[in-house]
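> Could you have a look at this structure, given as structure tokens, before my questions?
The values are calculated or read from the model by the stated rules, or taken from the named source; none is laboratory data. Bear in mind that the values here come from a model prediction, so they are computed numbers and not experimental data. Virtual Cβ from ideal backbone geometry, glycine too; neighbours counted across all protein chains shown.
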Amino acid sequence: MRIDVLTIFPSMLEPVLNESIIKRARSAGKVDIRLHNIRDYTLDKHRKVDDRPYGGGCGMVMMPEPIFSCAEAVLKKAKGPKNGRRILLLSARGRKLVQKDFQAFSSYKHLLLICGHYEGVDERVARDLADEEVSVGDFVLTGGEIPAMLVIDATVRLIPGVLGNDDSVKSESFQDGLLEYPQYTRPAEFRGKKTPKVLLGGDHAKIEAWRKKEAVKITKKIRPDIIIGHKQAP
Ligand SMILES: C[S@@+](CC[C@H](N)C(=O)[O-])C[C@H]1O[C@@H](n2cnc3c(N)ncnc32)[C@H](O)[C@@H]1O
């Protein structure tokens, strides 16, 4: 899979992409991530990427020209079928992403992520360049770089072979409409607080049943909105 990020702050992403599982996935050739500075596609000597909004109002808006030119340069080099590619504009007003979206993203051959800044980007980027505007939550950040890192992290870990054990994602929160069951590790007793006996007994059927029951209980308590319609829901 290939991921291109269009940003005016590529150095914000570099440290995150060069650590831990994402770093390993890159070294193993599971994902090819490239950062592009939108400023490199400006036409003036000040490398200006923003301007005042037409109609007035506060703040600055990112101009369409450098973003379109940057995206076109990337797409020209990264040839491939259009249907294997998704252009996402990170945007507070976009569709709010959930786990199944990242599953879908992980099956694309090519993702192109556009990070806005300031008051946002010229509407023509959303309308005529991006396939979709996506949001990481109902709040406003200063730029699209942190959302882009989030999208990359949540997507790359779902590419087959990236995690040590592909089965581990199957029991994770949101995977089947439930939050994850409680986890314990050594010591069995910590400051008088005990690990549930069933987990120490080695009876896998009983452990499985306990985990299912706890996952339903926790989901009903914390996120009743996601359990609706689940087969385990009473
Ligand atoms: C300060 S925000 C612009 C907010 C915009 N004026 C609004 O009211 O929706 C600047 C940039 O940060 C990014 N951004 C902010 N919040 C985001 C969110 N919740 N999800 C995805 N991107 C976000 C977008 O790329 C956006 O263009």
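> Considering Lys170, Lys212, which residue is farther than 30 Å from Val121 by Cα and free of Cβ contacts under 8 Å to residues at least 12 places away in the same chain? Explain how you work it out, then say what you get.
Numbers: Lys212 fails: free of Cβ contacts under 8 Å to residues at least 12 places away in the same chain.
It is Lys170.
> Identify all residues within region 87-134 that are in contact with a Cys (Cβ under 8 Å, 6 or more places away or on another chain) and either more than 22 Å from Leu158 (Cα to Cα) or surrounded by fewer than 21 Cβ atoms within 10 Å (Cβ to Cβ) (or both); write none if there are none.
Matches in region 87-134: Glu119 only.
> In region 100-113, which residue that is within 16 Å of the ligand (Cβ to nearest atom) and either modelled with pLDDT under 95 or not aromatic (Phe, Trp, Tyr) (or both) is nearest to Ile8 (Cα to Cα)?
Leu113
> Then there is this: What's the number of the condition Arg127 fails, among (1) within 29 Å of Arg47 (Cα to Cα); (2) part of a loop (DSSP other than H, G, I, E, B); (3) not β-branched (Val, Ile, Thr)?
Only one criterion is unmet by Arg127, namely (2).
> May I ask you to list the residues in region 119-134 that are more than 8 Å from the ligand (Cβ to nearest atom) and charged (D, E, K, R)? Working first, answer last.
Taking region 119-134 first, the residues more than 8 Å from the ligand (Cβ to nearest atom) are 122-133.
Within region 119-134, Asp122, Glu123, Arg124, Arg127, Asp128, Asp131, Glu132, Glu133 meet the criteria.
> A further question follows. When you go through Gly137, Gly116 one by one, which is the residue that is more than 24 Å from Lys48 (Cβ to Cβ), assigned to a loop (DSSP other than H, G, I, E, B), within 15 Å of the ligand (Cβ to nearest atom) and touching a helix residue (DSSP H, G or I) at 6+ places or on another chain (Cβ under 9 Å)?
Going through Gly137, Gly116 in turn, the sole match is Gly137.
> Let me ask another. For region 155-165, indicate whether the set of residues that are modelled with pLDDT under 95, outside the structural domain of Lys213 (by TED's automatic domain parsing) and of a type in the set (Gly, Ala, Ser) is non-empty.
Yes, region 155-165 has at least one match.
> Being within 23 Å of Glu72 (Cα to Cα), surrounded by 15 or more Cβ atoms within 10 Å (Cβ to Cβ) and within 16 Å of the ligand (Cβ to nearest atom), is that true of even one residue in region 152-174?
Yes, that holds for at least one residue.
> Condition (residue is within 24 Å of the chain's Cα centre (by Cα), in contact (Cβ under 8 Å) with a residue 24 or more places away in the chain and within 16 Å of the ligand (Cβ to nearest atom)) applied to region 76-87: is it met by at least one residue?
Yes - at least one qualifying residue is present in region 76-87.
> List the residue pairs whose Cβ atoms are under 8 Å apart, where the first residue sits in region 5-21 and is among the aromatic types (Phe, Trp, Tyr), the second is in a loop (DSSP other than H, G, I, E, B), and the two are 6 or more positions apart or on different chains.
Phe9/Cys115; Phe9/His117; Phe9/Gly143
> Take the conditions without any contact (Cβ under 8 Å) to a residue 60 or more places away in the chain and within 13 Å of the ligand (Cβ to nearest atom) and apply them to Arg95. Does it pass?
yes
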